[in-house]
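Scroll down for the structure; my scribbles are underneath it.
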Amino acid sequence: MSWVCREGCFENAGQWGAPGDAPVTGAGSFLNFLEEKYQEGLERVPIFVYHGNADRNAPFELTAELVEQLKSRGVKIEFLVEEGIGHNPPGKETIKAYHRWLEKVIGHKLHR
């Protein structure tokens, strides 16, 4: 799990505690991938991103900005937008698209 944030974007997210508190990743630290220092080396890793453009928990615009930053750095990134979807697990079509992308990346069919 990763997070992108501009200053103050978590102030209204009460489930994370006090205003301004940032959520933590599984590793126990906040990583703002909009900062270039966290983008170094990602051009060596193929990345698949999906995001619902009606997400009210994690701003879609920040994910789109991150994807554009990564593309400009030469990162091989596939970005799938789920139209009208909020902060939900991926839909069936997104999962199918992910499986096609993964098969292309690893060079063979998945056993399903």
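Since every read-out is calculated from the coordinates, none of them should be taken as a lab result. Just so we're clear, the structure is a prediction, and the values are computed from it rather than from any experiment. Positions of Cβ are backbone-derived with ideal geometry, glycine not excepted, and every protein chain shown enters the neighbour counts.
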Checklist entry - If you add up the charges near GLU93, with Lys and Arg at +1 and Asp and Glu at -1, over every other residue whose beta carbon is less than 12 angstrom from its beta carbon, what do you get? => result +1
Item to check | Hits among lysines - C-alpha to C-alpha of LYS71 under 25 Å, sequence gap 8 or more where chains match | outcome: LYS37, LYS96, LYS104
Next on the checklist: If I stretch the segment between HIS108 and GLU36 completely, what's the gain in nm (0.36 nm per residue apart, minus their alpha carbon distance), one decimal?
Outcome noted: 22.6 nm
Checklist entry - Among GLU93, GLU82, which comes first, then next, by fewest other beta-carbon atoms within 10 Å? => result GLU93, GLU82
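For each of THR63, THR94, count neighbouring Cβ atoms within 10 Å of the residue's Cβ, then give the residues from fewest to most.
With the fewest neighbours first, THR63, THR94 line up as THR94, THR63.
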